[in-house]
1. Only one residue in Ala83, Ala78 is more than 15 Å from Ala16 (Cα to Cα) and touching a Leu at 6+ places or on another chain (Cβ under 7 Å). Which one?
2. For the range 5-33, how many residues meet the condition of being hydrophobic (A, V, I, L, M, F, W, C), over 29 Å from Ser53 (Cα atoms) and crowded, with 16+ Cβ neighbours inside 10 Å?
3. Quick check on the range 89-103. Is at least one of its residues within 30 Å of Gly43 (Cα to Cα), surrounded by 15 or more Cβ atoms within 10 Å (Cβ to Cβ) and among the hydroxyl-bearing types (Ser, Thr, Tyr)?
4. Need the failing condition index for Phe64 against (1) closer than 21 Å to Met107 by Cβ; (2) in contact with a Gly (Cβ under 9 Å, 6 or more places away or on another chain); (3) of a type in the set (A, V, I, L, M, F, W, C), just the number.
5. Exactly one of these conditions fails for Ala124: (1) in a helix (DSSP H, G or I); (2) surrounded by 12 or more Cβ atoms within 10 Å (Cβ to Cβ); (3) aliphatic (A, V, I, L, M). Give me its number.
6. Consider Ser2 carefully, then state whether it is surrounded by fewer than 15 Cβ atoms within 10 Å (Cβ to Cβ) and over 10 Å from the mean Cα position of the chain (by Cα).
7. Has the range 105-119 got any residue that is out of contact with any helix residue (DSSP H, G or I) (no Cβ under 8 Å at 6 or more places or on another chain), outside any helix (DSSP H, G or I) and without any contact (Cβ under 8 Å) to a residue 24 or more places away in the chain?
8. Taking the range 34-64, which residues are surrounded by 14 or more Cβ atoms within 10 Å (Cβ to Cβ) and under 19 Å from His94 (Cβ atoms)?
Amino acid sequence: MSKINTITSIINITSAPIGRLLISFMFLMSGLNKVGNYSNTSGWMEAMGVSGSLLPLVIIFEIFAAVAVIVGWKTKIAAFLLAGFCILSGLIFHSDFSNQIEMIMFMKNIAIAGGFLILVVNGAGNYSLDNRKK
């Protein structure tokens with residue numbers, strides 16, 4: 001086997017698990033960060049017109065959905081829900097399009113949602129609980 005075939009094979013084998021980790025890690029860290037900054041996050045949500053009482057649900061969702069995608073368990077469902085979460089949170093928290101930073105944050109959310117929708121279509125790929133050998 002040539003070096004190019006070996007490298008291509010390694011890329012094909014590792015791309016899915018690395019991609020799942022990269023796209024989901026920010027939600028895992030965000031959920032954990034919200035636990036440590038609970039009152040500040042709750043206050044920011046309230047200032048944006050969203051009830052702070054939803055924060056525990058957001059934390060649980062972000063952490064568990066991220067872990068599900070990272071390990072490849074129920075990936076299509078978790079990715080679909082995270083895509084919706086990205087779009088919804090972008091519309092709620094980053095819809096001031098007169099502010100360039102907010103526009104960039106909104107587009108980031110849309111781009112991440114697109115990545116999750118690719119997972120919805122293609123599934124978890126290699127090294128996932130969804131595709132474990134029985």
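1. Ala83
2. Residues that pass the stated criteria total 1.
3. Among the residues of the range 89-103, at least one is within 30 Å of Gly43 (Cα to Cα), surrounded by 15 or more Cβ atoms within 10 Å (Cβ to Cβ) and among the hydroxyl-bearing types (Ser, Thr, Tyr), which makes the answer yes.
4. With (1) closer than 21 Å to Met107 by Cβ; (2) in contact with a Gly (Cβ under 9 Å, 6 or more places away or on another chain); (3) of a type in the set (A, V, I, L, M, F, W, C) applied to Phe64, the lone miss is (1).
5. Of everything listed in (1) in a helix (DSSP H, G or I); (2) surrounded by 12 or more Cβ atoms within 10 Å (Cβ to Cβ); (3) aliphatic (A, V, I, L, M), Ala124 misses just condition (1).
6. Against the criterion (surrounded by fewer than 15 Cβ atoms within 10 Å (Cβ to Cβ) and over 10 Å from the mean Cα position of the chain (by Cα)), Ser2 qualifies.
7. Checked against the condition, which is being out of contact with any helix residue (DSSP H, G or I) (no Cβ under 8 Å at 6 or more places or on another chain), outside any helix (DSSP H, G or I) and without any contact (Cβ under 8 Å) to a residue 24 or more places away in the chain, the range 105-119 yields no hits at all.
8. Matches in the range 34-64: Lys34, Thr41, Ser42, Trp44, Met45, Val50, Gly52, Leu55, Val58, Phe61, Glu62.
Only the coordinates and a few stated rules stand behind these numbers; no lab work does. A quick note: this is a predicted structure, and the numbers were derived from the prediction, not measured. When we count neighbours, we look across all protein chains shown, and the Cβ atoms used for this are built from the backbone with ideal geometry, even at glycine.
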